[in-house]
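The structure under discussion appears below in the form of structure tokens.
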Amino acid sequence: MVRKYLRKSTRANQYTKDDLTLAKNAISSKLLTIKAASLLYNIPCPTLYNHVSGFRGQKSTTFGRPTALDY
């Protein structure tokens, strides 16, 4: 293992699950378009489109797959 490990990947846009659900609810109730919700909640348009269309699930708080072993 490297002495001083630095993570190379970061979350580019800082939005929470609450922001994502609020944006999805606003889009599904036809209050906002995907573009307007993207600008208001600071979420990328393709991400909102994928979540509204059902291509994606909930936003994860961790990187990668879940661990195989539970302790």
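Values quoted throughout were computed directly from the atomic coordinates according to the rules given, and no laboratory measurement underlies them. Model, not experiment: these values are computed from the prediction. Backbone-built Cβ (ideal geometry, glycine too); neighbour counts: all protein chains shown.
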Checking the stretch 1-53 for trypsin sites (Lys or Arg not before Pro) in a loop per DSSP with at most 13 other beta-carbon atoms within 10 Å yields R3, K4, R7, K8, R11, K30
Amide H contacts under 5 Å for L32, restricted to residues at least 5 apart in sequence or on another chain and with H modeled in the peptide plane, are I27
Using only the Cα atoms of the stretch 1-45, build the gyration tensor, take square roots of its eigenvalues as a ≥ b ≥ c, and label the shape rounded, prolate or oblate: rounded if a/c is under 1.5, else prolate if a/b is larger than b/c, else oblate.
prolate
Please sort 41-47, 51-57 by packing, taking for each peptide the average over its residues of neighbouring beta carbons within 10 angstrom, highest first.
41-47, 51-57
Whole-Hz couplings from phi, Karplus 6.51/-1.76/1.60, listed for the stretch 32-44; x for Gly and Pro:
10, 8, 5, 5, 5, 5, 4, 6, 6, 9, 6, 10, x
